[in-house]
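Okay, structure first, notes after.
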Amino acid sequence: MILASIPSPAQGVWHLGPVPIRAYALCIIIGIVVACWWGDRRWVARGGKPGQVVDVAVWAVPFGLVGGRLYHVLTDFSTYFGPDGRGIGAVFRIWDGGLGIWGAVALGGVGAAIGCRKMGIKIGPFADAIAPAIVVAQAIGRLGNWFNQELYGAPTTLPWGLEIYERANDVGQRGPDVLDGHSTGVVLAVVQPTFLYELIWNLLVAAFLVIVDRRFRIGHGRLFALYVAGYCLGRFFIEMMRDDHATLIFGVRINVFTAALVFAGAIAYFLLAPKGREDSVLLDAPEGAPSESDPEQAGSASAPTSVAGEQTDVRQMETGGLTGDSTERNKED
């Protein structure tokens, strides 16, 4: 017997006059704003300038949205172009859900690299700075799946099972996936809330990255690689719990293979990339130059000059004092 359960929202779309406010799109936007805000703070602490994260995001976000949508459509091709597919028009309706994180990170990384190149900053330290912020943004975005009643698992009797309601819209469509509909109050199933599992896992990954970054001097994109590996590890197991429609390869969901392959690539990069942290976040900075984010290193670099200056002042004072004394003696003599 089910002792308790998590209800789904009664609807995922609200209207302000003729303007639809879609929860999925709103969650994505909030996630981007949070990522830019926190990522900027971390980037400044690493030696960057305020506002550069937003400037790079102008390139990364559009690329990421296109990449995420492309991955989703290509790996779920039959949904759009099958015998009863939604058609090419549905491909562009990203507010209805359907963004593959693999494509979003891959193509978003290309956009970020372009933005960083134009601003003269290194992509490695930039990626390391924003890695925890990105995975938190993903966690916020998962709330959009809750409103859309998607990305859930198999039926369960666990106390935290998720209630999936029947929804109906104004044109008579009924079902759990009627995005513009309202709940009829009929519970169609109680399922594993895999969206919630991934949300929690993403927050744990973010906390892990922050701890590692504080305790160790990780750079050259290695913290970003840990983010990718950590996300893939959780997604691998969560994906096998999901029960919604997906493209299968040898009876296994395609995202299981993707998670495994990307995880292996991220771990390989982490092991092979240079150790330590970059001397500077700037592309044109000479090797060995003190980093703006390492005040101790910068201070030690300037110390000899200060000491030398103090010694020079002391010599001048001593010389001046001896000369002055000698002059006075000559006058007295």
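The values are calculated or read from the model by the stated rules, or taken from the named source; none is laboratory data. Note that the structure is predicted; figures quoted are calculated from it, not measured. When we count neighbours, we look across all protein chains shown, and the Cβ atoms used for this are built from the backbone with ideal geometry, even at glycine. In case anyone asks, the SASA skips ligands and DNA or RNA and just uses the protein heavy atoms, side chains included. Shrake-Rupley method; radii C 1.70, N 1.55, O 1.52, S 1.80 Å.
Note on the stretch 120-132: residues that are surrounded by fewer than 24 Cβ atoms within 10 Å (Cβ to Cβ) and within 8 Å of the chain's Cα centre (by Cα) amount to 0.
When we screen V54, V44, V58 for residues that are modelled with pLDDT of 85 or more and either touching a Pro at 6+ places or on another chain (Cβ under 7 Å) or within 22 Å of Q149 (Cα to Cα) (or both), the only hit is V44.
If you check G124, G120, G98 for being touching a residue at least 24 places away in the same chain (Cβ under 8 Å), on the phi < 0 side of the Ramachandran plot and touching an Asp or Glu at 6+ places or on another chain (Cβ under 9 Å), only one passes: G124.
Of the set (1) more than 30 Å from I218 (Cα to Cα); (2) crowded, with 20+ Cβ neighbours inside 10 Å, all apply to I94 but (2).
Rundown of residues vs (1) in a loop (DSSP other than H, G, I, E, B); (2) open to solvent by 60 Å² or more (accessible area, probe 1.4 Å); (3) at pLDDT 90 or above, yes/no style:
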site	(1), (2), (3)
A246	yes, no, no
F257	no, yes, yes
F263	no, yes, yes
F270	no, no, yes
K275	yes, yes, yes
P286	yes, yes, no
S291	yes, no, no
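Among the residues here, G67 does not qualify as under 23 Å from V256 (Cα atoms) and in contact with a Lys or Arg (Cβ under 9 Å, 6 or more places away or on another chain). When residues in the stretch 53-93 are screened for being among the polar types (S, T, N, Q) and out of contact with any helix residue (DSSP H, G or I) (no Cβ under 6 Å at 6 or more places or on another chain), 2 of them pass. Being within 30 Å of D213 (Cβ to Cβ) and not polar (S, T, N, Q) narrows it down to one residue among A90, A131, A154, A168; which is it? Checking each option against the conditions leaves just A131.
Annotation: Y197 fulfils all but one of (1) in contact with a Pro (Cβ under 8 Å, 6 or more places away or on another chain); (2) among the hydroxyl-bearing types (S, T, Y); (3) more than 19 Å from V262 (Cα to Cα); the unmet one is (1). Just need a number here: residues in the stretch 172-228 that are in contact with a Lys or Arg (Cβ under 6 Å, 6 or more places away or on another chain) and in a loop (DSSP other than H, G, I, E, B). Going through the stretch 172-228 one residue at a time, the tally reaches 4. Taking the numbered list (1) within 18 Å of C27 (Cβ to Cβ); (2) under 24 Å from the mean Cα position of the chain (by Cα); (3) of a type outside the set (S, T, N, Q); (4) open to solvent by 60 Å² or more (accessible area, probe 1.4 Å) in turn, I211 passes all entries but (1).
Listed conditions (1) under 27 Å from the mean Cα position of the chain (by Cα); (2) open to solvent by 10 Å² or more (accessible area, probe 1.4 Å) are all met by P159, apart from (1). Across the stretch 43-74, the number of residues qualifying as open to solvent by less than 40 Å² (accessible area, probe 1.4 Å), within 15 Å of the chain's Cα centre (by Cα) and not β-branched (V, I, T) comes to 6. Please indicate, with yes or no, whether at least one residue in the stretch 155-174 is modelled with pLDDT under 95, hydroxyl-bearing (S, T, Y) and under 22 Å from D76 (Cα atoms). Within the stretch 155-174, not a single residue is modelled with pLDDT under 95, hydroxyl-bearing (S, T, Y) and under 22 Å from D76 (Cα atoms).
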